[in-house]
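Take a look at the structure set out below.
The values are calculated or read from the model by the stated rules, or taken from the named source; none is laboratory data. For clarity, every value in this text was computed on a predicted model and none was experimentally measured. Please note: Cβ atoms are built from the backbone with ideal geometry, for glycine as well, and neighbour counts cover all protein chains shown. What goes into the accessible areas is simple: the full protein's heavy atoms, side chains included, and nothing from ligands, DNA or RNA. Shrake-Rupley method; radii C 1.70, N 1.55, O 1.52, S 1.80 Å.
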2 protein chains.
Amino acid sequence: MTITMKDVASKAGVSLSTVSRVINNSTLVSKETTIKVKKTIDQLDYQINDSARALRTNISNLIGVIGAGMDNPFLMNALKSIETKALKKNYNIIYGDSDGELEQELYYVNMFKQKKVDGLIIMTANFSDELINSVKRSNISTIFASGYLDQTDLLSVTVNNIKAAEDVSDYLFDLSDYFAIIRGPYNDSVASKERMQGVKNKYKEYNIDLKDKYISEGNFTFESGYKSAEILLNNNKDLKAIFAFNDQMAIGAIKYCLDNKIKIPEEISIVGFDGIEASKYIKPTLSTVFQSGNDLGSEIMENLLKLMADENVENDNIFIPHKLIIRESSI
Amino acid sequence: MTITMKDVASKAGVSLSTVSRVINNSTLVSKETTIKVKKTIDQLDYQINDSARALRTNISNLIGVIGAGMDNPFLMNALKSIETKALKKNYNIIYGDSDGELEQELYYVNMFKQKKVDGLIIMTANFSDELINSVKRSNISTIFASGYLDQTDLLSVTVNNIKAAEDVSDYLFDLSDYFAIIRGPYNDSVASKERMQGVKNKYKEYNIDLKDKYISEGNFTFESGYKSAEILLNNNKDLKAIFAFNDQMAIGAIKYCLDNKIKIPEEISIVGFDGIEASKYIKPTLSTVFQSGNDLGSEIMENLLKLMADENVENDNIFIPHKLIIRESSI
DNA sequence: TAAAATAATGAAAAGGTTTTCAGAAATCGT
DNA sequence: ACGATTTCTGAAAACCTTTTCATTATTTTA
């Protein structure tokens, strides 16, 4: 039923090989033949069978991406950028969202192995050993992109979470004797872990005790930010500043303050992380660490392409720029 | 280099066919052989070659989705739901974002044809004739999901944009003699067109003149909402209500009002569309037409699976529920 | 117990490409 | 004008599965 190269060949009166050559822009076919074949391809509305091609060439033109959280605008910006870059090189993105479930992640890695993806991008919240091992065994060119990796044989692209958190800490210590933190899930997020590290570094540097009651665990949602703000403000009567590990939680925290007539930034300063578009359009506008999803995506793809081409990649851990942007939610 | 079924077969001391049978859970292989083969598969870490399988079976286990706007949380919710449902049936999602470019869309349809996707979901902003024709020619089971389609041989799943806009109109006419609209791009969005139709219906029903100056064209971004609010408020001194065709634009409009000390809802009521999570966390909270991305995704997949299984689908145009939710931004 | 049915296995074809190898036709150099 | 290149084309193998058909071994039936 479906039209194959064979049909094209016989209709055009040439051999299979010739048709294939035309399709792949081989130089060794005469101009007239090329035209003739192309015309028949159009006439028959012939479509390449990518499975057959992939089988033969061992190239799938597929890049697998495993991520956590399609409700995360920053991640989606990065994904969009990845997709755009990929398409330019004729790669299609095959995306699997794990929702943070390890089992899902492993399942996806397996599926992607079977699909023989040419490259793999891991943007999961956490990098479990099982995941890393499964990826390593696969021998697929892979970029990790939620945080730093200490394994020298693996490549990561990420914002410098530690440094960024240190920047925020420095800024907030200027405003107040201490500040509270709305972090991500304790065991499930590299980014959260790293940002926490940055905070700890600064608390230590300034010799200030980082008490447990300064810290609340959220899960990167608006709602968890709202609830965390309530807890933190109740437990710390003189609290003057909160650092939330993403913008959604920061916005949730702001909402809690507004609902409870707590003045921002007069009574409390709030800083987020990511710099999503919405952070500019809430009132008060949100102070936040801006990182560009576009930057992340570009850097990921650039390096992945190098990796796939077996070129040397200069650095194990690549950082994208970040910038603390002060807006109305902090003073 | 790569391990194939042949390797498994010879190591396990059985034939190729037997290995294949074990992998595909055929009943006609003895218990012992099954165990033996499975063990060797584990030992060798054998992975199926999906290209070969797809070539042979003509089933790719791939579902193509073409969408516009990964920065649209509602769309992403739907996509997430699609993906979850798909995975349960062992389908992988291959997503292409067109950014509203027709050329991109056609390109993706072509790529997906070549990849021999088993099903196709079109969530682009607009359904151009070219796109529709290309899809039709492909003979791939397809669901359209941004708006209603009058072609009886195609299936669409969408919120009832017309009815929803009528609901909002009725509500706003209760508040004020007229209201302004922030719509989507003129030619590029079915949803916008349909919602506009709903508005027009009600203006007509109540015999009110829908003046051009009541309408501003946005592009579904925060920023365009902000700018549109400025234009509308400047051109209509006694304006009491604005209907924005999505939540982002509504939030942008709110921001403009707050920036300019225009009281919401006392001086102006604002209603959005979609009911994204953020609409609950801005201040004032946003009145909006809620539709569930989850509903949309489920309904799409359910019908797509039926379509792919050649089952009859009862309805050409399937509507998912919507609900006008009144919050603080309107009275 | 012999014939018939069932269960388990293997050999081989088919699916649609790409690519190597060989060969024919055309062009070149001298 | 002849052999040597160069240009173009075709035949056939290979990629890795699934599946049909045939075959052997086992169990059932009368």
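Note on the protein assembly as shown: dipole from Cβ charges, positive end direction compared against A:Val313, A:Tyr46, B:Ser169; the farthest Cα belongs to A:Tyr46. Report, in debye and to the nearest 20, how large the dipole of the protein assembly as shown comes out about its Cα centre when Lys and Arg carry +1 and Asp and Glu carry -1 on their Cβ. The calculated dipole for the protein assembly as shown is roughly 1820 debye. Volume per residue for the stretch B:161-292 equals 93 cubic angstrom (convex hull of Cα atoms). In a simple Cβ point-charge model (Lys, Arg +1; Asp, Glu -1; nothing else charged), the stretch A:1-101 has a dipole of about 840 debye relative to its Cα centre. Build a GNM of chain A with springs between Cα atoms under 10 Å apart, and of A:Asn161, A:Asn61, A:Asn260 the one that fluctuates most is A:Asn260. Counting, for every residue in A:76-84, the Cβ atoms of other protein chains within 10 Å of its Cβ and taking the mean gives 3. Computed from the Cβ-Cβ distance with R0 of 41 Å, the FRET efficiency linking A:Ser15 to B:Leu102 stands at 0.65. Under the simplified labelling scheme, the A:Lys204-A:Ile325 pair shows an inter-label distance of 3.2 nm, with each label point 7 Å from Cα along Cα→Cβ. With a threshold of 24 Å on the Cα-Cα distance, the over-threshold entries among B:Lys89/B:Lys306; A:Lys80/B:Lys213; A:Lys6/A:Lys85; A:Lys227/B:Lys227; A:Lys261/B:Lys240 are A:Lys80/B:Lys213; A:Lys6/A:Lys85; A:Lys227/B:Lys227; A:Lys261/B:Lys240. When Rg and Dmax are taken over the Cα atoms of the protein assembly as shown, they come to 27.4, 86 Å. When the alpha carbon coordinates of chain A are projected onto the principal axes, the ranges are 86, 38, 32 Å, largest first. In this structure, the residue pairs whose Cα-Cα separation is over 28 Å, taken from A:Lys88/B:Lys136; B:Lys31/B:Lys116; A:Lys11/B:Lys115; A:Lys237/B:Lys283, are B:Lys31/B:Lys116. Evaluated at q = 0.11, 0.15, 0.21, 0.23 Å⁻¹, the base-10 log of the normalised Debye intensity for the stretch B:217-331, with identical point scatterers placed on the Cα atoms, takes the values -0.44, -0.66, -1.02, -1.18. A:Tyr186 contributes an accessible area of around 130 Å² to the protein surface, as traced by a 1.4 Å probe with all chains present.
For the stretch A:16-148, what does the alpha-carbon gyration tensor say about shape, rounded, prolate or oblate, given a ≥ b ≥ c as the root eigenvalues, a/c under 1.5 as rounded, and a/b over b/c as prolate? It comes out prolate by the Cα gyration axes. Going 7 Å from the Cα of B:Gln197 in the Cα-to-Cβ direction, what parts of the stretch B:104-131 have a backbone nitrogen less than 19 Å from that spot? Taking a point 7 Å out along Cα→Cβ of B:Gln197, the residues of the stretch B:104-131 whose backbone N falls under 19 Å are B:122-131. At q = 0.14, 0.20, 0.31 Å⁻¹, what log₁₀ I(q)/I(0) does a Debye calculation on the Cα points of the stretch A:257-312 give, no solvent, two decimals? Values returned for q = 0.14, 0.20, 0.31 Å⁻¹ are -0.55, -0.78, -1.16. The helix-based estimate of mean residue ellipticity at 222 nm for chain A, built from -39,500 (n - 2.57) per DSSP H run of four or more residues and divided by its residue count, is -14500 deg cm²/dmol to the nearest 500. Dipole size of the stretch A:5-48 about its Cα centre, with +1 on Lys/Arg Cβ and -1 on Asp/Glu Cβ: approximately 120 debye, rounded to the nearest 20.
Of A:Ala68, A:Ala164, A:Ala278, the residue with the greatest mean-square motion in the GNM of chain A, using alpha carbon springs below 10 Å, is A:Ala278. Note on B:Leu28 and B:Asn294: their simple-model spin labels are 4.5 nm apart, each label 7 Å out from Cα toward Cβ.
Please work out whether the stretch A:10-88 counts as rounded, prolate or oblate from its C-alpha gyration tensor, where a ≥ b ≥ c are the square roots of the eigenvalues and a/c under 1.5 means rounded, while otherwise a/b larger than b/c means prolate and anything else oblate? It comes out prolate by the Cα gyration axes.
On the beta carbon distance between A:Lys6 and A:Asn312, with R0 = 60 Å, the FRET formula returns roughly 0.90. Among all stretches of chain B without exposed trypsin sites (Lys or Arg not before Pro) (DSSP loop, at most 10 other Cβ atoms within 10 Å), which one is longest? So the longest stretch without any such site is B:1-236. Per-residue shielding of A:41-51, expressed as the average number of other chain Cβ atoms within 10 Å of the residue Cβ, stands at 5.
Normalised by the number of residues in the stretch A:161-292, the mean separation of alpha-carbon contacts (under 8 Å, six or more apart) gives a relative contact order of 23 percent.
With all protein chains in place and a 1.4 Å probe, the accessible surface of chain B carries 47 percent carbon and sulfur. Among the residues of the stretch A:252-266, those with an accessible-area drop of 10 Å² or more from chain alone to full protein complex, heavy atoms and 1.4 Å probe, are A:Lys255, A:Leu258, A:Asp259.
Since only A:Ile122, A:Ala86, A:Gly67 are under comparison, the one whose Cα sits farthest along the positive direction of the charge dipole of the stretch A:1-149, derived from C-beta charges on Lys, Arg, Asp and Glu, is A:Ala86.
Over both sides of the B-A contact, add up the buried accessible area with a 1.4 Å probe and give it to the nearest 100 Å². For B against A, buried area totals roughly 4700 Å². The GluC sites (Glu not before Pro) of the stretch B:245-277 that meet both conditions, a loop assignment by DSSP and at most 16 other Cβ atoms within 10 Å of the site Cβ, are B:Glu266, B:Glu267.
Please report the spacing between the Cα centers of the stretch B:1-80 and the stretch A:145-168 in Å, no decimals. Taking the Cα centre of the stretch A:145-168 as reference, the centre of the stretch B:1-80 is 35 Å away. Averaged over peptide B:56-63, the number of partner chain Cβ atoms lying within 10 Å of each residue's Cβ comes to 3. Taking label points 7 Å from Cα along the Cα-to-Cβ direction, B:Lys237 and B:Asn58 give a separation of 7.1 nm. In loop segments of the stretch B:35-104 as defined by DSSP, the GluC sites (Glu not before Pro) with at most 15 further C-beta atoms inside 10 Å of their C-beta are B:Glu101. The stretch A:5-48: percent of C-alpha pairs farther apart than 12 Å? Roughly 49 percent, rounded to a whole number. Counting only protein heavy atoms and using a 1.4 Å probe, the accessible area of A:Met308 comes to about 40 Å².
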